[in-house]
1. Could you give me the residue pairs with C-beta distances under 7 Å whose first residue belongs to the range B:183-208 and is facing chain A (nearest Cβ under 10 Å) and part of a helix (DSSP H, G or I), whose second residue is surrounded by 10 or more Cβ atoms within 10 Å (Cβ to Cβ) and of a type outside the set (Ser, Thr, Tyr) wherever it lies, and which are 6+ apart or on separate chains?
2. For the range A:82-132, give me the residue count where each residue is facing chain B (nearest Cβ under 9 Å) and aliphatic (A, V, I, L, M).
3. In the range A:137-156, which residue that is more than 8 Å from chain B (Cβ to nearest Cβ) and within 20 Å of the chain's Cα centre (by Cα) is surrounded by the fewest Cβ atoms within 10 Å (Cβ to Cβ)?
4. Got a sec? Which of B:Leu65, B:Leu31, B:Leu45 is away from every other protein chain (no Cβ under 12 Å) and in a helix (DSSP H, G or I)?
5. Is there a residue in the range B:125-141 that is under 35 Å from the mean Cα position of the chain (by Cα), more than 26 Å from B:Ser233 (Cβ to Cβ) and open to solvent by 60 Å² or more (accessible area, probe 1.4 Å)?
6. Does A:Leu172 satisfy the criteria of being modelled with pLDDT of 85 or more, open to solvent by 10 Å² or more (accessible area, probe 1.4 Å) and more than 19 Å from the chain's Cα centre (by Cα)?
7. Mind checking which residues of the range B:119-167 are modelled with pLDDT of 85 or more and among the hydroxyl-bearing types (Ser, Thr, Tyr)?
8. Of the residues A:Ile336, A:Ile332, A:Ile379, A:Ile327, only one is in a helix (DSSP H, G or I) and modelled with pLDDT under 70; which?
Amino acid sequence: MSTLELLGKDPGWLTAVKGLLVFVICVLATLISIVMERKIVSWMQMRIGPNRTGPFGSIQSLADGVKLALKEDIIPTAADRIVFVIAPVISVTACFMSFAVIPMTGVVNLFGHKTLLQLTDLPVGVLYILAVASFGVYGIVLAGWSSGSTYPLLGGLRSSAQVISYEVAMGLSLVAVFIYSGSMSTNAIIAAQHNWWFGVTLFPSFVIYAISMVGETNRAPFDLAEAEGELVGGFHTEYSSLKFALFFLAEYVNIIGVSALATTLFLGGYHALPGLGFTENWLGGWFTLIWFFAKVSLFFYIFVWLRGTLPRMRYDQFMKFGWKVLIPVSLIWIMIVSTLRLMSQNGASRIVVGSFGVGVVLVILTAMQFMESAKKKRIVEDSLGEVATPSFPVPELPTKRAEQLNG
Amino acid sequence: MLNLALQMGATKTPEAVLFWIMAPVAVIAALGMLFAKKAVHSALLLAWVMITLAFFYIAEGALFLGIVQVVVYTGAVMMLFLFILMLVGVDSSDSLVETIKGQRATAIVAAIGLGGLLLSLVGRATVGAQAIGVETANVKGNVQGLAEELFTKYVWAFEVVSALLITAALGAMVLAHSQNTKSRTAQRDQSIARFRKSSLAEAAGLPAPGVFARHNAVDVPALLPDGSAAAASISGTLKSRGDMLESAIFELEVKEVEED
């Protein structure tokens, strides 16, 4: 029986319970992940991190949440009141909605019904997530605009440009997955990975998705929308109390959401690691939930690792990287993937497929060689501007020496 | 008309409930879009109308179309939003004064013409045409069915439209692009230039505004070691506006130091 039929047989109350479960899981995961992030970052920076509230500081984020909720709620006089209130709600709603199509377990027994821990399965599930994500950006942009202040506006505008350009790269990285799985439903994509994870067979797509998901969630090193060194707090500068807490919640649910999507699309979803398939039947199938969250935590750890390691990118470098590197690379990769797919569907021999692969690699290497030499030439040419000789001794500039060596 | 109403009454209950809740919302949002004073509010209501339309598509069984509607139109309205910010300004409202002579009359004529054109086209496609029903259309799957139509029967129209869109995008880029006669100085060039001046005073960057210990506002010049004000520490904008304060009044009083 297909998972779609299985989910279709859920009674109404079970769907409601599952909806509640998804909400509770997201909120709990947020509370845990905030503490974990602070602990991991402090470990990386050789500090202790939160250690006062609860054992090992484990309920610090709960205490912070209560504190945030009890703070004074300020709406600036220059703000557009309605939009100002709606913006955080949009942000939060959108990121919770994207969780509806993520399958978190295999077939399990939930209150006497055979079902999956997944709210619903759509034939276009992954596209649905993209749609909801693009709706969620409105939260940030509107928050920036409605605050009636300069820094939030700049943050909101940055965010809109950022998410639009990285969403293109993200959508393109998903195309290869759609081509190979022949479906856009999350469950069918997981089923298509039973031999090899797409993270291995479609490695370039995986890398592009992983980069663009960091850009999409406004996290370091791509957190230009709230760059605290330049824009105070970015789009949420004017927010306080519960409304600010909602943005906070949205950010973390969003991170968990994109990590869950990455798990589903590239790491085999709730399935066990290769060779450990027998564990999937433990606890009546509920053990798959542990596998799912183990993989999601891996992505979350990488998010924290990036934040602890990399400085924030400059805005123009960031846009250049998105448009001039990620998008062209994904387009070329899609062409290669679809050619390979067509070859294997038409039963081309291994020699043909292999020689195509070798040809592609050769072409790419040659192109890279040309680009590299063109770049070197440009650097030398650029630095040959008019330079007045100063009256005091200065060391020779490095490019001058390179020029002499060249010729 | 009566026939249409009867047909509507015959739809399944959940769909009818959805329709009678969402349709008024969509109509109210559309009217709000026309009558909202702020252009940004209009853009937001437009986004809402598009999302309610997506709900209807999904309820009618066109899942893919509904989702794509959200993906495409949220991006499109976002662009509209940015254009409003760039062209109209952050919070200026619509002015109802006619600035171009005869604009209102021309606009009305053009609107009627466009409406007539749309009506005739949509009418030609729907009136008298035999609908095969969504079940038949979705036999091979909604996405697959749509893809087959798009890439076989309508491939020419599809390609023409995409060529048109690409031309428009390229045209906009060409019109908006300006070529610099000199290459812009990058961070690296500026850094080199700082060390190639006759004085190294500014090599480490300009002094920050404010006087140490008594005042650190952006409009108060910093003091140099000899006690004179450093004009270079104030931003050029403030200087040209004349918004510069005298820093001498914020200096530490020497008397207190002597008492110690």
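The values are calculated or read from the model by the stated rules, or taken from the named source; none is laboratory data. Note that the structure is a prediction, hence the values are computed from the model and not measured. In this analysis, Cβ positions are derived from the backbone assuming ideal geometry, glycine residues included, and neighbour counts consider all displayed protein chains. Remember, those area values only see protein heavy atoms, side chains included, never the ligands or the DNA or RNA. Shrake-Rupley method; radii C 1.70, N 1.55, O 1.52, S 1.80 Å.
1. Between residues of the range B:183-208 that are facing chain A (nearest Cβ under 10 Å) and part of a helix (DSSP H, G or I) and residues that are surrounded by 10 or more Cβ atoms within 10 Å (Cβ to Cβ) and of a type outside the set (Ser, Thr, Tyr), the close pairs are B:Ile192/A:Leu397; B:Phe195/A:Val394; B:Phe195/B:Ala203.
2. 9
3. First pass over the range A:137-156, keeping only residues more than 8 Å from chain B (Cβ to nearest Cβ): A:139-140, A:143-144, A:146-147, A:149-152, A:154-156.
Going one step further and asking which of them are within 20 Å of the chain's Cα centre (by Cα), we end up with A:139-140, A:155-156.
Values: A:Gly139: 25, A:Ile140: 31, A:Gly155: 30, A:Gly156: 28.
Per the stated criteria, the residue is A:Gly139.
4. Values: B:Leu65 fails: away from every other protein chain (no Cβ under 12 Å); B:Leu45 fails: away from every other protein chain (no Cβ under 12 Å).
Result of the check over B:Leu65, B:Leu31, B:Leu45: B:Leu31.
5. Yes, the range B:125-141 contains a residue that is under 35 Å from the mean Cα position of the chain (by Cα), more than 26 Å from B:Ser233 (Cβ to Cβ) and open to solvent by 60 Å² or more (accessible area, probe 1.4 Å).
6. Details: modelled with pLDDT of 85 or more: yes; open to solvent by 10 Å² or more (accessible area, probe 1.4 Å): yes; more than 19 Å from the chain's Cα centre (by Cα): no.
Spelling it out, it is not the case that A:Leu172 is modelled with pLDDT of 85 or more, open to solvent by 10 Å² or more (accessible area, probe 1.4 Å) and more than 19 Å from the chain's Cα centre (by Cα).
7. Answer for the range B:119-167, where residues must be modelled with pLDDT of 85 or more and among the hydroxyl-bearing types (Ser, Thr, Tyr): B:Ser120, B:Thr152, B:Tyr154, B:Ser162, B:Thr167.
8. Details: A:Ile336 fails: modelled with pLDDT under 70; A:Ile332 fails: modelled with pLDDT under 70; A:Ile327 fails: modelled with pLDDT under 70.
Exactly one of A:Ile336, A:Ile332, A:Ile379, A:Ile327 is in a helix (DSSP H, G or I) and modelled with pLDDT under 70, namely A:Ile379.
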